[in-house]
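Inspection log for the structure reproduced underneath, given as structure tokens.
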Amino acid sequence: MAEIKLASEVRTEFGKGAARRIRRADKVPAVVYGHGAEPVHVTLPGHEVLLALRTANVLIGLEIDGKDALVIPKAVQRHPLKGTIEHVDLLTVKRGEKVEVEIAVHVEGDLAPGANLLEFVQNTLLVEAEATHIPESVTVSVAGLDAGDSIVAKDVPLPKGSVLAGDEDAIVIQVVAAQAEEPAAGEAAEATEGAEA
């Protein structure tokens, strides 16, 4: 995964008023923590952060007070209506270090013929991977699966260098038979009367 460089400014003002001023200037308040160091509060450029966070588990290179830091997003707070980014928590990582992250699960292939539905019990998997080689997602084949079949976490093929960090027996995807909709009681009675007439 490519590293994205972002400019950052150390923040000295805190609280809701300061955060609002930062957001009005099209910037995002953030905190950088990890490796036992004191958390550092920074301000990031709003549009660049929005673009960077389109990639899951993006690796971001920051310059904080003249020092380079490598970080990954740990928590992103968005505005409930606008969808704009309100705040970001960033975790400091080192090259070669292993980190636990959630990666998206995608499917490919067609289910067995019949009225079956695919149900995602989990749409992400917790994996451990090297900080500079975090996979964006994994793809699972559901070709030929029938009602009652399921795929558990340990059956999901992971990219080289990644290992499962969560419960290996957790169901990720299951196939269920589609349920026929029962007619409402009033509709059933009308249909019977219509048939008798």
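Can you tell me how segment 1-94 classifies by the Cα gyration tensor, rounded, prolate or oblate, using a/c under 1.5 as the rounded cut?
oblate
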Exposure of E9 as accessible area (Å², to 10), given a probe of 1.4 Å and all protein chains
100 Å²
Roughly how many nanometres apart are two label points built 7 Å out from the Cα toward the Cβ at A7 and V107?
4.6 nm
Normalised contact order of the chain, rounded percent, pairs of Cα under 8 Å and 6 or more residues apart
17 percent
Spin-label point model (7 Å from Cα, Cβ direction): what's the A178 to K16 distance in nm?
4.9 nm
Under the 7 Å Cα-to-Cβ spin-label approximation, L164 and D68 lie apart by a distance in nanometres of 3.7 nm
Once you charge only the Cβ atoms, +1 for Lys and Arg and -1 for Asp and Glu, what is the size of the charge dipole of segment 1-91 about its Cα centre, to the nearest 20 debye?
500 debye
Solvent-accessible area of T139, probe 1.4 Å, all protein chains present, reported in Å² to the nearest ten, please.
70 Å²
Would you please give the FRET efficiency between R95 and D149, computed as 1/(1 + (r/R0)^6) with r the Cβ-Cβ distance and R0 = 45 Å, to the nearest 0.05?
0.65
Is it possible to state the helix-based mean residue ellipticity at 222 nm for the chain, with each DSSP H run of 4+ residues giving -39500 (n - 2.57), the sum divided by total residues, to the nearest 500 deg cm²/dmol? What is it?
-4000 deg cm²/dmol
Could you grab the relative contact order for segment 1-106? Cα pairs under 8 Å, six or more apart, rounded to a whole percent.
29 percent
With every protein chain kept in place and a 1.4 Å probe, the residues D68, D89, D169 fall, from largest accessible area down, as D68, D169, D89
Counting only DSSP beta bridges with both residues in the chain, tell me the antiparallel percent, nearest 5.
75 percent
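Shape of segment 74-135 from its Cα gyration tensor (a ≥ b ≥ c, root eigenvalues): rounded if a/c is under 1.5, otherwise prolate when a/b > b/c, or oblate?
Here segment 74-135 falls in the oblate category.
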Coordinate range along principal axes, alpha carbons of the chain, Å, largest first
85, 42, 24
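The values are calculated or read from the model by the stated rules, or taken from the named source; none is laboratory data. The shown structure was predicted, so the numbers you read here are calculated from the model rather than taken from an experiment. Quick reminder, even Gly has a Cβ in these numbers, built from the backbone with ideal geometry, and neighbours come from all protein chains shown. These accessible areas exclude ligands, DNA and RNA; they are computed on the full protein's heavy atoms, side chains included. Shrake-Rupley method; radii C 1.70, N 1.55, O 1.52, S 1.80 Å.
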